[in-house]
Amino acid sequence: MPAASRTFSTRLAAVPLKPGVYIHRDSSGNVLYVGKSSVLRNRLRSYFGSKKGLDAKTAELVSRIDDFEYIVTESEQEALLLENSLIKKHRPKYNVRLKDDKTYPYIKVDLSEEFPRVYVTRRTANDGARYFGPFASAGSVRKTLDLLKRLFPYRSCTKTITGIDDRPCLEYHIKRCVAPCTGYASKIDYSKVIDQVLMFLEGNTKDVVRELEVAMREASEQLEFERAGALRDRLKAIERVYEGQKVVGLGRENLDVIGVAYGGEEAWVEIFFVRQGNLTGRDHFTMSGTRDETGEEILARFIEQFYSSASHVPRRILIPEKTGRIQVLVEWLETVRDGPVDITIPQRGAKRRLVEMVSGNAKQGLEQLKLKWISDSTRMETAMSELQEELNLPALPRRIECYDISHIQGTNTVASMSVFQDGQPLSSDYRRFKIKTHDGNDDFASMREVLNRRFRRLKNAREGNEENASFTASPDLVLIDGGKGQLSSAVESMLHLGLQDIQLASIAKREEEVFLPDAAEPVIMPRNSQGLFLLQRARDEAHRFAITFHRNLRGKSSVKSALDNVPGIGPKRRKMLIRTFGSVKGIREATEEQIAAAPSMTAKIARQIKDHL
């Protein structure tokens with residue numbers, strides 16, 4: 001019987017008049033709602049009194065409550081933290097929450113390494129590294145990484161840096177790395193690059209510009225004109241970005257600006273990050289479970305959940321409307337920041353215009369989300385949208401090419417290429433490859449050969465020298481069947497060919513992890529994800545096609561090894577025997593007389609065949 005018609009008066013009377021968190025459950029024990037209150041007894045009693053005045057969502061919740069429990073805390077701030085933790089753990093249906101069921105990505109600068117790397121991670125730890133985020137999606141964080149890589153030549157490889165390598169990789173030649181691996185840049189030189197990355201991510205663009213100007217002058221005075229030219233180019237690129245970041249009227253303030261648009265079951269939250277008066281980034285999040293919730297509640301919930309995992313809390317946060325819990329939020333944020341925090345609603349001037357701009361972006365984002373709901377009419381569109389988001393693809397992966405290597409102990413090594421167009425297999429574009437450049441058990445070398453052969457044709461097509469239709473098409477995603485090693489071979493092939501616009505990923509069979517070139521950690525897609533299903537189908541098709549080709553070659557080679565050593569058996573007689581008896585096994589099982597009776601055969605040759613087989 002639902003709790004709405006039951007009396008909890010005895011239990012409610014025993015609930016303390018203290019702050020804490022409460023949990024409502026249904027008759028199956030599932031968590032329906034997690035809430036907090038400065039006075040637990042009063043808040044819980046409000047659910048089991050008169051239904052008058054309850055909104056539709058709360059009335060529905062109350063009708064399903066079968067039991068409740070609570071946890072007493074020392075303060076309302078402690079209750080806020082515990083509530084956030086429980087919402088993330090249980091993801092209750094009736095709570096307003098950040099929509100994505102995943103941990104959010106961060107940019108990590110691993111300062112524990114001698115030559116620090118900059119990469120994407122979904123885990124933060126107190127390990128001495130610097131974290132920047134969270135970002136709403138893989139796409140958001142990779143856009144920032146792409147910008148960083150264009151501006152600062154830090155290393156993106158995972159190799160051990162010794163400083164004695166014979167030659168640098170292509171990244172050095174295209175001015176994307178200072179090549180500490182060869183000793184071209186010392187540890188001190190490389191540290192300066194990482195310091196500039198950190199300053200830029202913190203919003204200290206002016207400090208970066210000042211430092212580069214000094215370095216450029218020093219290089220020029222020492223007649224190191226090539227180095228001075230490289231610094232000048234980097235300086236100009238940063239200044240172009242810097243000019244686009246200026247926010248008029250904000251001086252050198254550090255603040256976050258939040259705008260919200262409400263749309264029934266979901267709300268769109270836009271957030272702009274202003275550092276040192278510069279707009280250093282923006283992101284957006286969707287909140288679910290917002291039906292019948294007020295704007296104040298949605299805004300407060302976003303602030304709680306976003307800043308509970310944010311790597312930085314600014315001195316000031318601008319919001320578009322009031323929320324009844326500002327004081328509690330401010331006190332909590334001050335403990336997180338370990339310093340003063342203001343949450344303000346600007347009424348006029350540059351700050352008000354900025355809030356209106358961010359709120360306008362939120363409305364546009366929500367409108368686009370609604371259009372997407374309407375247009376996503378098939379599972380394949382959903383799958384491609386998921387892949388674009390998770391793998392940070394610049395466009396929907398309408399054409400996916402998947403590559404697989406097949407062999408047995410290094411013999412008859414072959415490769416296959418499966419093609420999916422708009423989520424469906426395009427078998428007319430499937431291709432098979434015999435490995436030509438080496439014999440043996442080197443899958444990485446095999447993958448490099450196949451991709452070089454296929455994408456050299458694409459490169460030729462772009463130059464007008466290729467007519468094969470299946471090789472003139474540019475894939476939106478190249479998927480490799482394998483792990484990080486196979487993916488590294490693919491990246492090497494693309495760098496060698498100069499095709500930097502080809503999007504790459506690999507999928508490992510054991511855990512169905514998806515690896516990306518710039519990420520130290522794999523992308524783990526939900527098991528029921530349509531995007532993952534599409535990747536698995538492309539991988540399985542490539543595997544099937546490769547295995548079939550390999551079996552055919554192996555069958556032919558077994559025929560060759562069995563019959564070619566028989567004196568008097570040439571290509572014509574071998575072909576005739578296979579046609580007559582079906583296989584080597586059929587020949588082996590035939591009698592000497594039956595073989596001798598076959599066309600163009602003699603008793604002597606029949607005897608020799610039986611002796612050899």
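What follows is calculated from the coordinates using simple rules that are stated; it is not laboratory data. Keep in mind that this is a model prediction, so the values were computed, not measured. Using ideal geometry, Cβ is built from the backbone for each residue, glycine included, and neighbour counts are taken over all protein chains shown.
Here are the numbers for this structure:
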{"quantity": "Ranking of 10, 124 by count of other Cβ atoms within 10 Å, fewest first", "calculated": "10, 124"}
{"quantity": "Residues 26, 127, sorted so that the one with the fewest Cβ neighbours within 10 Å comes first", "calculated": "127, 26"}
{"quantity": "Lysine pair number, Cα distance threshold 23 Å (strictly under), the stretch 255-375, separation 8 or more or different chains", "calculated": "4"}
{"quantity": "Partners for residue 236 among lysines (Cα-Cα distance below 28 Å; same-chain residues under 8 apart left out)", "calculated": "108, 143, 149, 175, 187, 192, 206, 246"}
{"quantity": "Residues residue 71 and residue 337, FRET efficiency given R0 of 25 Å [Cβ-Cβ distance, rounded to 0.05]", "calculated": "0.45"}
{"quantity": "Ellipticity estimate at 222 nm from DSSP helix runs (n ≥ 4, -39,500 (n - 2.57)) divided over the chain, nearest 500", "calculated": "-14500 deg cm²/dmol"}
{"quantity": "Surrounding net charge for residue 126, when Lys and Arg each add one and Asp and Glu each subtract one, Cβ distance under 14 Å", "calculated": "+1"}
{"quantity": "Sorted by Cβ density within 10 Å, fewest first, the residues 290, 602, 160, 182", "calculated": "160, 602, 182, 290"}
{"quantity": "Spin-label model distance (nm) - residue 607 vs residue 521, 7 Å beyond Cα toward Cβ", "calculated": "7.5 nm"}
{"quantity": "Point-charge dipole on Cβ atoms (K/R +1, D/E -1) for the chain, about Cα centre, debye to 20", "calculated": "1640 debye"}
{"quantity": "Measure of compaction for the stretch 106-245 (Cα Rg per 2.2 N^0.38 Å)", "calculated": "1.06"}
{"quantity": "Cβ-defined net charge surrounding residue 540, 14 Å radius [Lys, Arg +1; Asp, Glu -1]", "calculated": "0"}
{"quantity": "Per-pair calculated FRET efficiency, R0 = 30 Å: residue 311 and residue 381 via Cβ, rounded to 0.05", "calculated": "0.30"}
{"quantity": "Full-extension gain in nm, residue 11 to residue 594, via 0.36 nm per residue minus C-alpha separation", "calculated": "200.5 nm"}
{"quantity": "Partners for residue 509 among lysines (Cα-Cα distance below 25 Å; same-chain residues under 8 apart left out)", "calculated": "102, 159, 434, 484"}
{"quantity": "Calculated Rg and Dmax of the chain using C-alpha coordinates, Å", "calculated": "32.1, 107"}
{"quantity": "³J(HN,Hα) computed for each position of the stretch 291-296 - Karplus, 6.51 cos²θ - 1.76 cosθ + 1.60, integer Hz, glycine/proline x", "calculated": "4, 6, 8, 7, x, 4"}
{"quantity": "Estimated dipole of the stretch 564-612 in Debye, rounded to 20 [Cβ of Lys and Arg +1, of Asp and Glu -1, Cα centre]", "calculated": "200 debye"}
{"quantity": "Cβ-derived FRET efficiency at R0 22 Å, residue 191 paired with residue 223, nearest 0.05", "calculated": "0.35"}
{"quantity": "Separation in nanometres of the label points that stand 7 Å from Cα toward Cβ, at residue 580 and residue 206", "calculated": "9.4 nm"}
{"quantity": "Per residue Cα convex hull volume in Å³ - calculated over the stretch 564-612", "calculated": "65 Å³"}
{"quantity": "Net charge of neighbours whose Cβ lies under 9 Å from the Cβ of residue 592, counting Lys and Arg as +1 and Asp and Glu as -1", "calculated": "+1"}
